[in-house]
Structure formats: C-alpha cells, structure tokens
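The values are calculated or read from the model by the stated rules, or taken from the named source; none is laboratory data. What you see is a predicted model; the values in this text were computed from it and never measured. Here the Cβ positions follow ideal geometry from the backbone for every residue, glycine too, while neighbour counts run over all protein chains shown.
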Amino acid sequence: MARILLVEDEPKMQRGLRDNLEFEGHEVTVQGDGSSGLQTLLRESFDLVILDVMLPQMSGFDVVRKTREKGIRTPILMLTAKGEEIDKVLGLELGADDYVTKPFSLRELIARVNALLRRAVPADTGDTMMTLGDVTVNFASYSGSKDGKEFSMTPKEFEILKYLWQHRNGTVSRDDLLTNVWGYDESVSTRTIDNFILKIRQKIEDDFAHPKIIFTIHGTGYKLIA
Ligand code: CA
C-alpha cells in the first residue's frame, strides 16, 4: 500500500483514478487545484504524487517546481495532454519522474504508478547516511555520533530518525510514523511517539528543549530541517 496524492480537476478523472488506485490497495488523497495540491504536499508526506498539468489556481508545472524547491523528493507522475511534447520535456526538467499522456488506459497508469513506487524503494534504502552539522548517523549499521562522540539509540529510534531524514524538510505526521515505523497492527499511542522523539533529541540536539533539527509541528507531527 502506498499513500498517493492525486491532483486533478476533472471530477470524472478524479473518481476513475481514485477508485482504481484504491482497488489496487492504495490510500488516495484528492485535490482539485494546483495550490491545494501543493499545500497538501507540503503538509503531509506521500509515496507518490499524480499531477495533472492543466489545473486551476496553479499549473502542474508550478507545483513540481515549488515542490522540488522545498526539497521534497516524492516521486511525481505527470498527466500531460496529447500532442503536447513540450509538456513532457518541461515536466521532467522541472523534476517530475515520469508522465502519462491523456487519454491513457488505466492499466498503463497503474503500471507506471507501480514502477515508480518500486523505483522509490531502493532510493530510500540507499539513503543510509545522515550528516547534519556535527551529527552523523549511519542507518545501515545503526550507529551515530555527535561532535565525534558515539551515541547509542534503539533500533526503533534509528527507524524513526531515518524516516524523518528521508522526509526531511517536510512535515511527518504522527500517523505517518505509526504506519511506517510501527506498521498497522501494533497499537502505539501518540504519547509513545513523542517520548521516542524526546529520546532522539537528547542525542542529536545541542539542547533538546530547544530543538534545531527536529521541530514539532503543532497538532500534526514533526519536521526534520536539513
Ligand atoms: Ca486538468
């Protein structure tokens, strides 16, 4: 299952895509214009964005550009219009990962979605080193140091920090952490997550009471600034 943001203004297309992606087992959030799409992308984390080019408020191109400017590296699949060769080139140049030309078959779209999601996995697991100021963390060997001095963390703390690092500069909700670090089955309270974050801060922050790396986003979750 993946969390997918669909930014598309045509109701029929919205419904068709959402139904089919949900049928494939994905969780789909739909926005109908470019600026709502961008805001959602900055606020929440997704595994994939499906982005129409022609959108009200803000074009798909602007959404891609601003997303990449903010350091968000979520894979983006663009929906371009038939015959608009320039759309494909521009979209990819601005940082989109792939495109599908309208009209497309749902089977083709689902295949592209699955390919991008597969591709995203090695990119993430390859993201094994975090270097930030005097803090260095190796997520492969579960080791870390601050100002040259090694510190230890539990595997769960490493996994939380790794998830925040992979989604750095974007807001990670407590639900994201629950789903991605703990999985669905276990019942973990948000208080537990906050305690883990405190433990991590005690190790990587200069002053854990005044964090400069992992910020609390009130009412939502956390953001690792890099
Ligand atoms: Ca459109």
* Inside the stretch 71-94, can you point out the residues that are away from the ligand (no atom under 13 Å from the Cβ) and either in contact (Cβ under 8 Å) with a residue 40 or more places away in the chain or crowded, with 16+ Cβ neighbours inside 10 Å (or both)? -> GLY71, ILE72, ARG73, THR74, PRO75, ILE76, LEU77, LYS88, LEU90, GLY91, LEU94
* Asked: Just a yes or no: is a residue in the stretch 204-214 part of a helix (DSSP H, G or I) and outside the structural domain of THR74 (by TED's automatic domain parsing)?
  -> yes
* To do: Scan the stretch 36-70 residue by residue and report those that are more than 12 Å from the ligand (Cβ to nearest atom), under 18 Å from ARG18 (Cβ atoms) and assigned to a helix (DSSP H, G or I).
  => SER36, THR40, LEU41
* Test: residue in the stretch 20-32 that is surrounded by fewer than 18 Cβ atoms within 10 Å (Cβ to Cβ), within 16 Å of the ligand (Cβ to nearest atom), of a type in the set (Gly, Ala, Ser) and assigned to a helix (DSSP H, G or I) -> no
* **the stretch 131-142 residues that are at positive phi, paired with ones that are loosely packed, with under 12 Cβ neighbours inside 10 Å and modelled with pLDDT of 85 or more (beta carbon under 8 Å, 6 or more apart)** => TYR142/PRO155
* List the number of the failed condition for GLU10; all other conditions in (1) more than 15 Å from the chain's Cα centre (by Cα); (2) more than 13 Å from the ligand (Cβ to nearest atom) hold. => (2)
